[in-house]
Amino acid sequence: MKLHSLMLAAGLAATASMGMAEKIKVGMITTLSGGGAGLGIDVRDGFLLAVKGNDDIELVIEDDQRKPEIAVQLADKMIQSEKVDVMTGIIWSNLAMAVVPAATAQGKFYVSPNAGPSALAGKGCHPNYFNVAWQNDAYHEAAGKWASENGVGKVVVMAPNYPAGKDAITGFKRFFTGEIADEVYTKLGQQDYAAEIAQIRASGADMVYYFLPGGMGISFMKQYAGSGADVQVMGPAFSFDQGILGAIGDAALGVKNTAHWSKDLDVPGNADFVAAFQAEYGRLPSVYAAQGFDTGLLLASAAAKADVADADAFRAALKEADFQSVRGEFSFGANNHPVQTIYVREVVKEGDVVTNKLLGAAAENHSDAYAADCKM
């Protein structure tokens with residue numbers, strides 16, 4: 001039996017027994033072209049794998065081109081013309097801030113497979129907004145904790161100047177007990193890092209911690225490796241995930257990174273997911289693919305329990321999170337953001353493939369710092 005059948009059979013059977021005829025119409029707006037397209041493609045492909053063969057879910061997919069104005073136009077179209085019940089897919093926090101508040105204000109559910117800006121976790125939380133990935137600070141908080149516990153005394157922190165970048169540095173500093181040698185904000189989409197690398201080399205730091213997702217991280221790491229700089233590097237999985245490592249290659253070997261998932265994580269269903277994803281798409285899954293997969297499983301589990309037309313019942317079914325996450329234990333906190341374990345991975349080479357190896361937990365049962373500001 002295929003993976004999606006194994007993991008969804010119980011939910012589909014429940015749906016059939018309850019006689020629910022209403023489909024859930026899901027509008028997925030994600031980045032499928034231009035910079036960062038690999039992230040959106042992985043989220044989409046993971047989601048599609050999770051709901052393959054599930055007749056309860058109808059999916060409409062659009063490309064936001066990583067442009068907030070395009071994302072807003074597509075969201076309006078999906079809500080007004082397509083009449084979607086649930087929205088998902090956005091990768092970038094600035095796009096999420098442009099779309100999510102308006103969507104939830106119009107009574108739609110938004111289930112985030114990636115972006116987790118702090119503004120939506122705290123005062124801007126909403127009962128119809130669920131994040132299946134993480135709050136933006138989480139990986140960075142775990143990295144700050146790991147660095148503090150492993151003798152790192154002085155760090156340069158670097159991230160793009162947009163909501164997720166600011167959350168990244170805030171999160172790292174929240175848990176890091178050493179000295180911040182320099183705090184560097186780059187342009188979103190920047191490709192040339194010569195000036196920043198010079199700052200790092202002159203800083204006297206023990207480590208550079210950076211968050212540069214997608215093509216930004218590829219460009220930085222290649223330039224950094226070629227610069228001769230010998231300051232150790234650490235980052236979140238966004239900068240050292242499977243799709244990124246294929247482009248960086250051996251330059252990333254030995255780098256530590258934080259993630260809530262790894263292909264070698266020994267939890268029920270994960271090995272099957274990895275094998276099924278490889279069989280379906282011919283590549284190893286990334287963190288983004290795992291998040292897309294979990295998002296699909298969550299929606300399928302809710303569809304098996306409640307009609308989306310009954311908003312209260314469907315909201316309760318989402319909150320219950322009755323599915324087997326490929327990251328292991330998973331639950332929603334009071335602000336509908338995950339409570340989960342964040343791990344440390346190391347970039348290694350397995351045969352000819354540069355990939356990640358799980359080292360251990362960095363922050364167990366981790367929840368975000370903004371839930372106390374959420375008053376729903």
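The values are calculated or read from the model by the stated rules, or taken from the named source; none is laboratory data. None of the values given here were measured: they were computed from a predicted structure. Virtual Cβ from ideal backbone geometry, glycine too; neighbours counted across all protein chains shown.
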(request) Select from the range 56-78 the residues that are free of Cβ contacts under 8 Å to residues at least 24 places away in the same chain and of a type in the set (Val, Ile, Thr) and list them in ascending order. (result) Ile70
(message) Just to be sure before I move on: is Ala372 more than 26 Å from Pro213 (Cβ to Cβ), out of contact with any Phe, Trp or Tyr (no Cβ under 8 Å at 6 or more places or on another chain), surrounded by fewer than 22 Cβ atoms within 10 Å (Cβ to Cβ) and at pLDDT 95 or above in the structure I sent?
(response) no
(request) Mind listing just one residue for me: the one in the range 219-254 that is at positive phi and not in a helix (DSSP H, G or I) and, of those, surrounded by the most Cβ atoms within 10 Å (Cβ to Cβ)? (result) Gly254
(message) Let me spell it out: the conditions are (1) within 17 Å of the chain's Cα centre (by Cα); (2) within 25 Å of Phe47 (Cα to Cα), and Gly235 meets all of them except one. Which number is the exception?
(response) (2)
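Val339: hydrophobic (A, V, I, L, M, F, W, C), touching a His at 6+ places or on another chain (Cβ under 8 Å) and closer than 14 Å to Phe130 by Cβ, yes or no?
Values: hydrophobic (A, V, I, L, M, F, W, C): yes; touching a His at 6+ places or on another chain (Cβ under 8 Å): yes; closer than 14 Å to Phe130 by Cβ: yes.
The answer is yes for Val339.
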(message) Can you pull out every residue in the range 162-186 that is within 25 Å of Lys222 (Cβ to Cβ) and at pLDDT 95 or above?
(response) Ile169, Phe172, Ala181, Asp182, Glu183, Val184, Tyr185, Thr186
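A quick yes/no check of all residues on (1) under 21 Å from Asn94 (Cβ atoms); (2) touching a Gly at 6+ places or on another chain (Cβ under 8 Å); (3) modelled with pLDDT of 95 or more; (4) part of a loop (DSSP other than H, G, I, E, B):
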residue	(1), (2), (3), (4)
Ala143	no, yes, yes, no
Val157	yes, no, yes, no
Tyr209	no, yes, yes, no
Gly217	yes, yes, no, no
(message) Tell me the residue from Ala133, Ala98, Ala143 that is within 15 Å of Met207 (Cβ to Cβ), hydrophobic (A, V, I, L, M, F, W, C) and touching a residue at least 24 places away in the same chain (Cβ under 8 Å), please.
(response) Ala143
(message) Suppose we filter Gly214, Gly204 for residues that are at positive phi and buried (at least 23 other Cβ atoms within 10 Å of the Cβ); which single one remains?
(response) Gly214
(request) Please indicate, with yes or no, whether at least one residue in the range 51-67 is closer than 21 Å to His337 by Cβ, at pLDDT 95 or above and under 19 Å from the mean Cα position of the chain (by Cα). (result) no
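Name every residue in the range 182-207 that is among the hydroxyl-bearing types (Ser, Thr, Tyr), in contact with a Leu (Cβ under 9 Å, 6 or more places away or on another chain) and part of a loop (DSSP other than H, G, I, E, B), in order of residue number.
Filtering the range 182-207 for residues among the hydroxyl-bearing types (Ser, Thr, Tyr) gives 185-186, 193, 203.
With the extra rule that they be in contact with a Leu (Cβ under 9 Å, 6 or more places away or on another chain), the set shrinks to 186, 193.
Once the filter is applied, which keeps residues that are among the hydroxyl-bearing types (Ser, Thr, Tyr), in contact with a Leu (Cβ under 9 Å, 6 or more places away or on another chain) and part of a loop (DSSP other than H, G, I, E, B), the range 182-207 yields only Tyr193.
Among the helices (runs of 4 or more DSSP H) contained in the range 259-344, which hold 3 or more residues that are surrounded by 24 or more Cβ atoms within 10 Å (Cβ to Cβ) and within 15 Å of the chain's Cα centre (by Cα)? Break it down into steps so the answer makes sense when it comes.
Details: elements: 270-281, 287-303, 311-320.
Fully inside the range 259-344 and qualifying: 287-303.
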(request) Within the range 192-199, identify whether any single residue is among the small types (Gly, Ala, Ser) and either assigned by TED's automatic domain parsing to the domain that holds Ala290 or surrounded by 23 or more Cβ atoms within 10 Å (Cβ to Cβ) (or both), and answer yes or no. (result) no
(message) Would you confirm whether or not the range 289-311 contains a residue that is of a type in the set (Phe, Trp, Tyr) and outside the structural domain of Gly89 (by TED's automatic domain parsing)?
(response) no
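Of the residues that make up the range 222-234, is at least one of a type in the set (A, V, I, L, M, F, W, C) and closer than 18 Å to Ala168 by Cα?
Of all residues in the range 222-234, those of a type in the set (A, V, I, L, M, F, W, C) come to 225, 229, 231, 233-234.
Retained after the next criterion (residues that are closer than 18 Å to Ala168 by Cα): 233-234.
The answer is yes, given that some residue of the range 222-234 is of a type in the set (A, V, I, L, M, F, W, C) and closer than 18 Å to Ala168 by Cα.
Determine whether Glu329 is in the same structural domain as Leu49 (by TED's automatic domain parsing) and at pLDDT below 95. It would help to see each step written out before you state the result.
Numbers: in the same structural domain as Leu49 (by TED's automatic domain parsing): yes; at pLDDT below 95: yes.
Considered against the rule, which asks whether it is in the same structural domain as Leu49 (by TED's automatic domain parsing) and at pLDDT below 95, Glu329 comes out as yes.
Could you tell me which residue of the range 345-358 is surrounded by the fewest Cβ atoms within 10 Å (Cβ to Cβ), considering only residues that are of a type outside the set (Lys, Arg) and in contact (Cβ under 8 Å) with a residue 24 or more places away in the chain? Don't jump to the end; show me each part of the working.
Initially, the range 345-358 is screened for residues of a type outside the set (Lys, Arg), giving 346-348, 350-356, 358.
From what's left, in contact (Cβ under 8 Å) with a residue 24 or more places away in the chain: 346-348, 353-356, 358.
Working: Glu346: 15, Val347: 21, Val348: 15, Val353: 11, Val354: 21, Thr355: 20, Asn356: 29, Leu358: 16.
Out of the qualifying residues, it is Val353.
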(message) Report every pair of residues separated by at least 6 positions or lying on different chains whose Cβ atoms are under 7 Å apart, first residue within the range 268-293 and touching a residue at least 40 places away in the same chain (Cβ under 8 Å), second exposed (fewer than 15 other Cβ atoms within 10 Å of the Cβ) and not in a helix (DSSP H, G or I).
(response) Ala276/Lys2
(message) Going through Ile29, Ile90, Ile24, Ile79 one at a time, which residue ends up being in contact with a Leu (Cβ under 6 Å, 6 or more places away or on another chain) and under 18 Å from Phe130 (Cβ atoms)?
(response) Ile29
